Amino acid sequence: MSILVDKNTRLLVQGITGGEGSFHAQRCQEYGAKVVAGVTPGKAGSQVAGIPVFNTVEKAVRETGANASIIFVPAAFAADAIMEAADAGIPLVVCITEGIPTLDMVTVTGYLNLRGARLIGPNCPGVISPGKSKAGIMAGEIHMPGAVGVVSRSGTLTYETVAQLTALGLGQSTCVGIGGDPIVGSSFADMLQLFQKDRATRAVVLIGEIGGSKEQEAAEFIKTMTKPVIAFVAGATAPPGRRMGHAGAIISGSSGTAKEKMAALKAAGALIAPSPAQIGETVKQVLGKDSRR
Amino acid sequence: MKIHEYQAKQILSQAGIRVPKGNVAATAAEAGRIAAELGGRCVIKAQVHAGGRGKAGGIRAATSAADAEGLAARMLGSRLVTAQTSAEGAPVSRVLVEETVEVARELYLGMTVDGSAMAPVMMASTAGGMEIEEVAHTQPEKILKMAINSVSGFQPFHGRQLAFGLGLEPPLMAQATSLMANLYRLFVTQDLSLAEINPLVVTKDGRLLPLDCKLNIDDNALFRRPELAALRDPQQEDALELQALSLGVRNYIKLDGSIGCMVNGAGLAMAVLDQITSAGGRPANFLDIGTANNTERVVNAFKVFKADTRVKAVLVNIFGGMARVDVIAQGIVEAHQQMDITFPIVIRLAGTNVDAGKKILEASGLRFITASDMKDAAEKAVKAAKR
């Protein structure tokens, strides 16, 4: 098993005729994802690498049975695209777009709650269930199927972690980037809940960042988990009050610091990797111990 | 994006919120004239993008127009060093000249977007005038918080709950509720990321007035708020950060160490800073080069490293995903062709098109220190910077 995406995922690509949309639609397809449709208003009837393009999500869903969407449309139009997907009844929406105004996301998340759709992102690398499907921009080849779940606020730090895991022979069940913005559709706690229920997942890696309090909320959930969680929080050396790239990565008050977050995660029973280069090793130690039991 | 207090108060005023009487001055003579209009007795406030001005001598009371002119003359053109600025301080090119207000009570009112509530949240406290983060830490019970759902928007009950919570009785309660409603409307229509009125004072003559105000604008929304984007004061920003921005190198933050960093992705960039620090070094900057699929941005990043006199070594850590390693490698080679680079460069490459990237570096004949992973890269960079 895995979470969010698998062999049954029928993927729709919003913004498929753009540079990134068409590039990654094809990479997802090559990885084995069933990419059934694309949407670009005004481009219906055309094709991208054999994928039919529609004017609206509603039509694309009706004709292809798409049940997940990945969004590449520019920031100014992304909120509209996410809500269009939810309105068409798509249960899983992955938004890659970076730079969406925060207040747009207030409206979006409010609407998605009404529609019962799940949003991953925005400003995220997406989701991959190695060997099964991919709705994301991560390089498929660094992953391998296995039993470690990965959830992260950062894209490239996730790649770094996955590469460490794969090099140590530790495959992954699903890797999810939840995104680096102040408001994202899914939280660490939401993903931990799914990993806890997923039979294929034996341990979870959580990669946090400075800013906000999502890691502290995750810690509350970790207290109830039976699976081991290995955590790292980036930004221990970041200065307060400065936005470190991600709109959500800004320390304001002590609850936003890496130190405070790591302390909360540790107190909840998570194992903290001593440095970002040692995340893989820490997982290996935990799973090694588990298998001896 | 930050703006000045005087700009924030103009925006509040346009939003229907009464602010203290006064005006902004760029010269001492102007300050004197404004003071005379206010009757002589007034307050002179240095306009810088940093808090802690009071303790640093950036807020002074004047007893007459001549006094105001003298105080303004001393402030204008100087640099104000506060607990929140660098050691060099921030330049003062304007002062705000305001009426003196007789304060009965000091309150706090703020708004931000709460990622957990997924909504704007309004915060109020009776501990006005204090650093609110300090209050949150030591007396969290003194902060009243209300998340405001986007479906309901701000309703009078939100205002009543906060105002009564602050101990404001009618008629002040009605003033407070109307101020909060205006602040909420301003926040959501102008894409603010932070609004802080601290202190919000109750004057002895029964007025509710924002004595100080800080408004930050969501950087992601500046594209649709050109009139707010125009309020940017580049003088208040770090010179190297400005240079980086003008070269199209966004997401660059100056730090005080000696190892220049070029990383793709904000999380990985932060992790690299952490790794350098744990290896005993100090990073010179944070830089997320992003999905730089053109060599120019890489070349420009090297221009910034060269301009930073503290840089003794550079660490490049790229894990290609959306960004392609070969393009970054080509950019590094082009940087060497365009300028004389003397500092050692430690390079760690992985991910999309990594083999092509490594070949480009080898074929260039240039000397780089290569690293196998992040830890190795950080250790080598620390060593190289000490040489």
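Checking region B:302-318 against the condition returns no match, with no residue being over 18 Å from B:R250 (Cβ atoms), assigned to a helix (DSSP H, G or I) and at the interface with chain A (Cβ under 10 Å from one of its Cβ atoms). In region B:31-66, which residue that is outside any loop (DSSP other than H, G, I, E, B) and free of Cβ contacts under 8 Å to residues at least 24 places away in the same chain is nearest to B:A195 (Cα to Cα)? The residue in question is B:I59.
Looking across region A:26-39, the residues that are of a type in the set (G, A, S) and either in a strand (DSSP E or B) or surrounded by fewer than 21 Cβ atoms within 10 Å (Cβ to Cβ) (or both) come down to A:G32, A:A37, A:G38. Residues that are at the interface with another protein chain (Cβ under 8 Å from one of its Cβ atoms) number at least 1 in the following helices (runs of 4 or more DSSP H) confined to region A:150-257: A:156-167, A:214-222. Close contacts from region A:91-116, counting a first residue that is in the same structural domain as A:I16 (by TED's automatic domain parsing) and a second that is in a helix (DSSP H, G or I) and not hydrophobic (A, V, I, L, M, F, W, C), with Cβ to Cβ under 7 Å and a gap of 6+ residues or different chains, come to A:G99/B:N220; A:I100/B:N220; A:P101/B:N220; A:T102/B:N220; A:R115/A:D87. Residues in region B:336-360 that are assigned to a helix (DSSP H, G or I) and crowded, with 23+ Cβ neighbours inside 10 Å: B:G357 only.
Considered as a group, the residues in region A:117-144 that are surrounded by fewer than 19 Cβ atoms within 10 Å (Cβ to Cβ), outside any loop (DSSP other than H, G, I, E, B) and not acidic (D, E) include one that is nearest to the other protein chains (Cβ to nearest Cβ), and that residue is A:G140. When A:A44, A:A37 are checked against the criterion of being free of Cβ contacts under 8 Å to residues at least 40 places away in the same chain, small (G, A, S) and closer than 16 Å to A:A85 by Cβ, A:A37 stands alone in meeting it.
The single condition among (1) more than 22 Å from B:L245 (Cα to Cα); (2) surrounded by fewer than 20 Cβ atoms within 10 Å (Cβ to Cβ); (3) modelled with pLDDT of 95 or more; (4) more than 14 Å from every other protein chain (Cβ to nearest Cβ) that B:R282 does not satisfy is (4). Checking B:R207, B:R224 one by one, the residue that is assigned by TED's automatic domain parsing to the domain that holds B:M123, surrounded by fewer than 16 Cβ atoms within 10 Å (Cβ to Cβ) and modelled with pLDDT of 95 or more is B:R224 and no other. Condition test on B:I332, is it in contact with a helix residue (DSSP H, G or I) (Cβ under 7 Å, 6 or more places away or on another chain), buried (at least 23 other Cβ atoms within 10 Å of the Cβ) and either part of a loop (DSSP other than H, G, I, E, B) or touching a residue at least 60 places away in the same chain (Cβ under 8 Å) (or both)? The answer is no for B:I332. When restricted to residues that are small (G, A, S) and assigned to a loop (DSSP other than H, G, I, E, B), region B:12-30 contains 3. The residues of region A:92-106 that are within 21 Å of A:P41 (Cα to Cα) and either over 17 Å from the mean Cα position of the chain (by Cα) or more than 8 Å from every other protein chain (Cβ to nearest Cβ) (or both), listed by number, are A:L92, A:V93, A:V94, A:C95, A:I96, A:T97, A:E98, A:D104.
Right, B:L215: on the phi < 0 side of the Ramachandran plot and not in a strand (DSSP E or B) or not? No: the conditions fail for B:L215. Would you pick out the residues in region B:254-275 that are touching a helix residue (DSSP H, G or I) at 6+ places or on another chain (Cβ under 7 Å), farther than 17 Å from A:R153 by Cα and either in a loop (DSSP other than H, G, I, E, B) or within 8 Å of chain A (Cβ to nearest Cβ) (or both)? Those that are touching a helix residue (DSSP H, G or I) at 6+ places or on another chain (Cβ under 7 Å), farther than 17 Å from A:R153 by Cα and either in a loop (DSSP other than H, G, I, E, B) or within 8 Å of chain A (Cβ to nearest Cβ) (or both): B:S258, B:Q275. Remark: pairs (first residue in region B:148-164, within 11 Å of chain A (Cβ to nearest Cβ); second residue in a loop (DSSP other than H, G, I, E, B) and at pLDDT 95 or above; Cβ separation under 9 Å; 6+ apart in sequence or on different chains) = B:I148/B:F154; B:I148/B:Q155. So which residues in region A:40-65 are in a loop (DSSP other than H, G, I, E, B) and more than 18 Å from A:R27 (Cα to Cα)? Answer for region A:40-65, where residues must be in a loop (DSSP other than H, G, I, E, B) and more than 18 Å from A:R27 (Cα to Cα): A:T40, A:P41, A:G42, A:K43, A:A44, A:G45, A:S46, A:N55, A:T56, A:G65. Before we move on, is B:H158 in contact with a helix residue (DSSP H, G or I) (Cβ under 8 Å, 6 or more places away or on another chain), buried (at least 18 other Cβ atoms within 10 Å of the Cβ) and not aromatic (F, W, Y)? Judged against the criteria, B:H158 is a match. Taking the criterion of being more than 12 Å from chain A (Cβ to nearest Cβ) and either at pLDDT 95 or above or not in a helix (DSSP H, G or I) (or both), the residues of region B:232-248 that qualify are B:R232, B:D233, B:L247, B:G248.
With respect to (1) at pLDDT 95 or above; (2) assigned to a helix (DSSP H, G or I); (3) of a type in the set (A, V, I, L, M, F, W, C), the lone exception for A:L114 is condition (1). Note on region B:188-245: residues that are among the aromatic types (F, W, Y) and closer than 20 Å to B:V97 by Cβ amount to 0. Between residues in region B:225-245 that are under 19 Å from B:V304 (Cβ atoms) and residues that are of a type in the set (K, R) and crowded, with 18+ Cβ neighbours inside 10 Å, which pairs lie under 6 Å by C-beta distance while being six or more apart or on different chains? Listed by first residue and then by second, the contacts come to B:D238/B:K254; B:L240/B:K254; B:E241/B:K254. Within region A:73-96, none of the residues are farther than 25 Å from A:K59 by Cα and surrounded by fewer than 21 Cβ atoms within 10 Å (Cβ to Cβ).
If you check B:A239 against the conditions, is it under 17 Å from the mean Cα position of the chain (by Cα) and of a type outside the set (K, R)? Taking the combined requirement at face value, the residue satisfies it. In region B:359-387, the qualifying residues are those that are out of contact with any helix residue (DSSP H, G or I) (no Cβ under 6 Å at 6 or more places or on another chain) and of a type in the set (K, R), and the one that is farthest from the other protein chains (Cβ to nearest Cβ) is B:R367. Give the number of residues within region B:321-333 that are touching a Phe, Trp or Tyr at 6+ places or on another chain (Cβ under 9 Å) and either among the acidic types (D, E) or closer than 14 Å to B:F305 by Cβ (or both). Going through region B:321-333 one residue at a time, the tally reaches 2. What about B:A195, is it modelled with pLDDT of 95 or more and in contact with a Cys (Cβ under 9 Å, 6 or more places away or on another chain)? Judged against the criteria, B:A195 is a match. Selection over region B:67-91 of residues that are under 30 Å from B:L255 (Cβ atoms), touching a residue at least 40 places away in the same chain (Cβ under 8 Å) and either buried (at least 22 other Cβ atoms within 10 Å of the Cβ) or of a type in the set (D, E, K, R) (or both) gives a count of 1.
The values are calculated or read from the model by the stated rules, or taken from the named source; none is laboratory data. Note that the structure is a prediction, hence the values are computed from the model and not measured. Positions of Cβ are generated from backbone atoms using ideal geometry, with glycine treated the same way; all protein chains shown enter the neighbour counts.
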